[in-house]
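Novice: This structure is in structure tokens; I'll ask about it shortly.
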Amino acid sequence: MFGPLDLLVPPILLFCTVLTLPFTLLLLPVTGRAGDLASIAKIRNAWFKHLWAWFGPGSKPIFAPRVQPIVSQAKGVCIDVGPASGIWLKELGDVVRRGAITKIYGVEPNPNFQADLRKNAAKYGLEKVYQPIQAYVQDLEKFGVAKGSIDTIITVHVLCSVGDHSDQICKDLYDYLKPGGQWLVYEHVVARFAVTRAWQKLLNLSWPILLDQCELLRDTESVLRNAGEWAAVDLRPSPGDGWFQGLPHVEGKLIKAG
Ligand SMILES: *[C@@H]1O[C@H](CO)[C@@H](O)[C@H](O)[C@H]1NC(C)=O
């Protein structure tokens, strides 16, 4: 967007993240959750929630022109992976009203997001269709979601943050797809330009710690291509991502082999 100035986007986000920490630490005791301060994992979950509470909606106008056409292709029974507070539920609501979607499982392991996720599902008229599930993808069968039963998997800004097991998680998600089912993707990935990639490596020293284990350098396109056998792979770098884009994206869809 802004040439080399694009390199500044990730450090600005890191700076905002650091500013959010004191609020998180103050709010936990005020909201009766002082006990959570004893657990790094619980602090991290709450911290990410407070960051996302303003960064999610705040950054939405930047991403919406790319994400809206992708999520609007959703159909049938869907898994919305890691929706956080449900940033894209308005767009999914439009598809539901068109009659293309019958059911959405919103799989979000962070307990801090559950209340907002339910609230947003109701706000956009999705309460009958959208079922929030507080779980990890690998536990979905316990919630009655059968392998090979899903028409659409939606991953927007989530595969960066699934820890070291992204290969296995994508294989698990692949198993839930029906033959011919589609996987809709908008994810930030490792930079193709060496200078930007070196910059990402440097930022990565603090990035996963500050952003709830988000991985700046993941080659998500390869992970997805290797998740299983595909009838079609239509993935491309997001148009408009310049050479210096510190958070370049891959977007598009994959269709499971029949
Ligand atoms: C980024 O940082 C994380 C956490 O320190 C580390 O596990 C990962 O290997 C790093 N990635 C790269 C490509 O250096």
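The values are calculated or read from the model by the stated rules, or taken from the named source; none is laboratory data. Predicted model, so just to flag it, every value in this text is computed and none were measured. All Cβ positions, glycine included, derive from the backbone under ideal geometry; neighbour counts span all protein chains shown. Only protein heavy atoms, including side chains, enter the accessible area calculation; ligands, DNA and RNA are left aside. Shrake-Rupley method; radii C 1.70, N 1.55, O 1.52, S 1.80 Å.
Novice: Kindly indicate whether Ala84 is open to solvent by less than 20 Å² (accessible area, probe 1.4 Å), at positive phi and touching a residue at least 24 places away in the same chain (Cβ under 8 Å).
Specialist: Taking the combined requirement at face value, the residue satisfies it.
Novice: Next up: Among the residues of segment 1-37, which ones are in a loop (DSSP other than H, G, I, E, B) and surrounded by 11 or more Cβ atoms within 10 Å (Cβ to Cβ)?
Specialist: Step one: filter segment 1-37 for residues in a loop (DSSP other than H, G, I, E, B), giving 1-2, 31-33.
Hits for segment 1-37 are Met1, Phe2, Arg33.
Novice: Answer with yes or no whether Pro248 is in contact (Cβ under 8 Å) with a residue 12 or more places away in the chain, within 16 Å of the ligand (Cβ to nearest atom) and over 29 Å from Ala41 (Cβ atoms).
Specialist: yes
Novice: Considering only residues that are open to solvent by 30 Å² or more (accessible area, probe 1.4 Å) and assigned to a strand (DSSP E or B), which ones fall in segment 139-161?
Specialist: Asp151 - this is the single residue of segment 139-161 that is open to solvent by 30 Å² or more (accessible area, probe 1.4 Å) and assigned to a strand (DSSP E or B).
Novice: Take the residues in segment 162-220 that are of a type in the set (D, E, K, R) and under 21 Å from Pro239 (Cβ atoms), then tell me which one is least open to solvent (accessible area, probe 1.4 Å).
Specialist: Checking each candidate, the answer is Glu187.
Novice: Can you confirm whether segment 129-138 contains a residue that is within 27 Å of Leu216 (Cβ to Cβ), crowded, with 19+ Cβ neighbours inside 10 Å and more than 16 Å from the ligand (Cβ to nearest atom)?
Specialist: Within segment 129-138 (the criterion being within 27 Å of Leu216 (Cβ to Cβ), crowded, with 19+ Cβ neighbours inside 10 Å and more than 16 Å from the ligand (Cβ to nearest atom)), the answer is yes, since at least one residue qualifies.
Novice: Quick check on segment 38-57: of everything there that is open to solvent by 30 Å² or more (accessible area, probe 1.4 Å) and among the small types (Gly, Ala, Ser), which residue is farthest from the chain's Cα centre (by Cα)?
Specialist: Ala38
Novice: From the list Leu27, Leu13, Leu5, Leu117, which one is touching a helix residue (DSSP H, G or I) at 6+ places or on another chain (Cβ under 9 Å) and in contact (Cβ under 8 Å) with a residue 40 or more places away in the chain?
Specialist: Details: Leu27 fails: in contact (Cβ under 8 Å) with a residue 40 or more places away in the chain; Leu5 fails: touching a helix residue (DSSP H, G or I) at 6+ places or on another chain (Cβ under 9 Å); Leu117 fails: in contact (Cβ under 8 Å) with a residue 40 or more places away in the chain.
Result of the check over Leu27, Leu13, Leu5, Leu117: Leu13.
Novice: Scan segment 87-125 for residues that are open to solvent by less than 20 Å² (accessible area, probe 1.4 Å), assigned to a loop (DSSP other than H, G, I, E, B) and either of a type in the set (Asp, Glu) or in contact with a strand residue (DSSP E or B) (Cβ under 7 Å, 6 or more places away or on another chain) (or both) and jot them down.
Specialist: Glu108
Novice: For segment 165-237, give me every one of the helices (runs of 4 or more DSSP H) that falls completely inside it and has 1 or more residues that are away from the ligand (no atom under 16 Å from the Cβ).
Specialist: Values: elements: 166-176, 194-203, 207-210, 220-225.
Once the helices (runs of 4 or more DSSP H) in segment 165-237 are filtered for at least 1 residues that are away from the ligand (no atom under 16 Å from the Cβ), what remains is 166-176, 220-225.
Novice: Next question, about the same structure. So in segment 237-253, with the set limited to residues that are more than 16 Å from Asp219 (Cα to Cα) and touching an Asp or Glu at 6+ places or on another chain (Cβ under 7 Å), which one is least open to solvent (accessible area, probe 1.4 Å)?
Specialist: So the residue we want is Gly242.
Novice: Sort out which residues of segment 30-63 are small (Gly, Ala, Ser) and touching a residue at least 24 places away in the same chain (Cβ under 8 Å), and write them in order of number. Steps first, please.
Specialist: Let us first name the residues in segment 30-63 that are small (Gly, Ala, Ser), namely 32, 34-35, 38-39, 41, 46, 53, 56, 58-59.
Matches in segment 30-63: Ala46, Ala53, Gly56.
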